[in-house]
Structure formats: C-alpha cells, structure tokens
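Visitor: Quick one: the structure is below, and I'll ask about it shortly.
Only the coordinates and a few stated rules stand behind these numbers; no lab work does. Values in this document were obtained by computation on a predicted structure and should not be read as measured data. Counting neighbours? That spans all protein chains shown, and the Cβs are built from the backbone with ideal geometry, glycine included.
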Amino acid sequence: MMVEDVQKLLDRYTAWLHEKTRVRQLQDWVEITTPYLDRHNDYIQIYAQQQNGGVLLTDDGCTLEDLRQSGCNIDTPKREALLKMTLNGFGVQLRNNALQVHAGEQNFSLRKHNLVQAMLAVNDLFFLAVPAGVSLFYEEVVSWLDARDVRYTTNVKFTGRSGYDHHFDFVIPKSRRAPERIVETINRPSKETAQSLAFAWVDTKEVRPTDSRVYAILNDTEGRVSATAVDALRNYDVHPVLWSDREEVAEELAA
C-alpha cells in the first residue's frame, strides 16, 4: 500500500463523516448526530454549548445511563478503574455521570473525535459478554493473554497522520521472533465498529514500524459475526480473530 492509497482512504473517511453528520439547534445547545451506531443501532448523539470562551461537548449522561438501564452497573472497584482508565486515555472527563470535554476553535474536531470514541469504548467495555453478568469480554481477553504468557501494554495511544489520537487495547512489543503486534477487542462486531478500527489503523500505520500487525479479537459468543465486518477488517490489513478461534493465534501473540 502506497502513501497515495492511504490518503485516498483517509479522504474517503473524512467525506463520509462530513456527509453523515447532522446538527440541530435545541435552545442554547446544538445537537450533533454522528454516523456512529451504538449497540441499539441508533446514531450516537452529542451536545455542544459555548462555555468559558470555548465549546463544551457532552453526551448528556446517555452512555452510562443506558448501561445502567440495561443492568450493567459500574458498582465494583474493578469496573470503576476500567472506566477511569478508558476515559483518561481519551482525555474525557466524567461530571455528574456525563462524559464531556472542553474544546477550542483549533482542537474542536480532535476533542469531538475523542468524545465519540470514548462513548463507543465505554459502551463496548461494559456491555457484558455473559448474560448472567459473570465477566466482561475485555476481562476475558486479559485473562486469556495472561494464561498464554503474552507480554503486553494496555490502553496505548498513538497519534495518527490526521492528528487524531487513537487508542488500542493492547500492544505487544517486538521480539526477535515477531514484529510489534497491536490487539483490539471488539465486543459487538459490526460494520461500523470494524470501520472505526480500520480507520484508526490506516491513520496510524505510517507512524508505526512497517512490519507491525493489527489483530481484532471479535466476540462471537452470542452469535455469528457478520461477513461484512470481517471483510471490512481484512480489506484494511487488520487480522480478524474470532474469540472461538483464539487459540489459532496464541503462539503468534506470545512470540
């Protein structure tokens, strides 16, 4: 893949984002409807208001409230720590159960991007992989990596070619036998979540070693993962790994 190919992909993504974004006035707030879908297949919405010489962007508490209404409470120290770690990685604050950031004219796009990505990450992080609520998919992946003696760093941030920050769940450092490996968990695989990861990797790959690899671990415990999501990942050089097939890459990740 050449630089021109990557630029075309970035331009295509930017055009899609602009075309699919809608804004609406709500008294002294502006509602921004993004093209990203939540787990109910509804478009994610955020709200903007001028404050302190800049713009306050918030989810109005919708992300955590939706999880609570679904029976997923952040009521243990471990879950609180996961939430804090996720939000800190995106530079997002938690105020009165609302996710929010403060932006200026120069960094509005970046802060908006970070807030939306944080909403997606929190939603996915705390959506229980087991109906009885025994564990989280992210926690299951951590336990599996530890059991297979995989060395990794969690919650790593890279700044892409576009200037956007992208966060990945795990980075496995280069060894004598294998290159750097980046691992992302996708609890609810869909075309949209696949495209989000694909853009993050396309935007990031130029600043990483040329032989770096990206793996997407897809949760298929509750049903078959769509071929559309798998194909979307493969088209952008991301290696999809079904959770049920995880042992097939255990040696690659532990190398």
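Visitor: Starting from the Kirkwood Rh over alpha-carbon pairs, what translational D in µm² s⁻¹ does region 1-113 have by Stokes-Einstein at 10 °C and 1.306 mPa s? Kindly include the intermediate steps, with their values, before the conclusion.
Guide: Numbers: Rh = 16.0 Å.
This corresponds to a translational diffusion coefficient of 99 µm²/s.
Visitor: With a point put 7 Å past each Cα toward its Cβ, work out how far ASP211 is from GLU139 in nm, to one decimal.
Guide: If labels sit at ASP211 and GLU139, their model points lie 3.8 nm apart.
Visitor: Have a look at the DSSP beta bridges in the chain and tell me what percent are antiparallel, nearest 5. It would help to have the intermediate numbers written out before the result.
Guide: Numbers: 32 of 43 bridges.
Once the DSSP bridges in the chain are tallied, antiparallel ones form about 75 percent.
Visitor: Order the peptides 71-78, 231-238 from the highest to the lowest mean number of other Cβ atoms within 10 Å of their residues. Present the calculation step by step, with values, prior to reporting the outcome.
Guide: Working: 71-78: 11.4, 231-238: 17.8.
Sorting 71-78, 231-238 by mean packing, highest first, produces 231-238, 71-78.
Visitor: Calculate the length of the line joining the C-alpha centroid of region 1-72 to that of region 179-255, in whole Å.
Guide: 23 Å
Visitor: Between TRP16 and VAL249, what's the calculated FRET efficiency when r is the beta-carbon distance and R0 is 22 Å? Round to 0.05.
Guide: Working: r = 30 Å, r/R0 = 1.39.
It comes out at approximately 0.10.
Visitor: Amide H to amide H, which residues 5 or more places from GLY61 or on other chains are under 5 Å from it, using H placed in the peptide plane?
Guide: Residues meeting the criterion, in which the H sits 1.01 Å from N, are LEU99.
Visitor: Also, quick follow-up: Mind listing the long-range amide H neighbours of HIS239? Cut-off is under 5 Å, sequence gap 5 or more, other chains count too, H placed in the peptide plane at 1.01 Å from N.
Guide: Placed amide hydrogens put VAL214, TYR215, ALA216 under 5 Å from HIS239.
Visitor: For ARG151 paired with THR33, estimate the spin-label separation in nm (one decimal), with each label point 7 Å from Cα along the Cα-to-Cβ line.
Guide: 5.0 nm
Visitor: Label the chain by shape, choosing from rounded, prolate and oblate, from the square roots a ≥ b ≥ c of the eigenvalues of the Cα gyration tensor; if a/c is under 1.5 it is rounded, and otherwise prolate applies when a/b is larger than b/c, oblate when it is not. Intermediate values should be presented prior to the final figure.
Guide: Numbers: a/c = 1.72, a/b = 1.27, b/c = 1.35.
Judged from the Cα gyration tensor, the chain comes out oblate (a/c at least 1.5, b/c at or above a/b).
Visitor: Tell me, what ³J(HN,Hα) does each residue in region 205-212 have, in order and in whole Hz, if you take phi through Karplus 6.51 cos²θ - 1.76 cosθ + 1.60 with θ = phi - 60° and put x for Gly and Pro?
Guide: Result, rounded to whole Hz: 4, 5, 9, 10, x, 5, 9, 4.
Visitor: Classify region 137-254 as rounded, prolate or oblate, taking a ≥ b ≥ c as the square roots of the eigenvalues of its Cα gyration tensor: rounded when a/c is under 1.5, otherwise prolate if a/b is larger than b/c and oblate if not. Write out the running numbers ahead of the final one.
Guide: Numbers: a/c = 1.63, a/b = 1.06, b/c = 1.54.
Here region 137-254 falls in the oblate category.
Visitor: Which percent, nearest 5, of DSSP beta bridges in region 152-243 are antiparallel? Intermediate values should be presented prior to the final figure.
Guide: Working: 9 of 20 bridges.
The antiparallel proportion sits near 45 percent.
Visitor: Taking the Cα centre of region 17-126 as the origin, how large is its charge dipole in debye, to the nearest 20, when only Lys and Arg (+1) and Asp and Glu (-1) carry charge on their Cβ atoms?
Guide: Details: 11 positive and 13 negative charges, 47 e Å.
About 220 debye.
Visitor: Given only helices, namely DSSP H runs of n ≥ 4 each adding -39500 (n - 2.57), what is the per-residue ellipticity at 222 nm of the chain, to the nearest 500 deg cm²/dmol? Before the final figure, lay out the partial values.
Guide: Numbers: 8 runs with 97 residues, N = 255.
Computed ellipticity for the chain at 222 nm equals -12000 deg cm²/dmol.
Visitor: Note down the nm distance, to one decimal, between modelled labels 7 Å out along Cα→Cβ at GLU80 and at HIS40.
Guide: Modelled inter-label distance: 2.8 nm.
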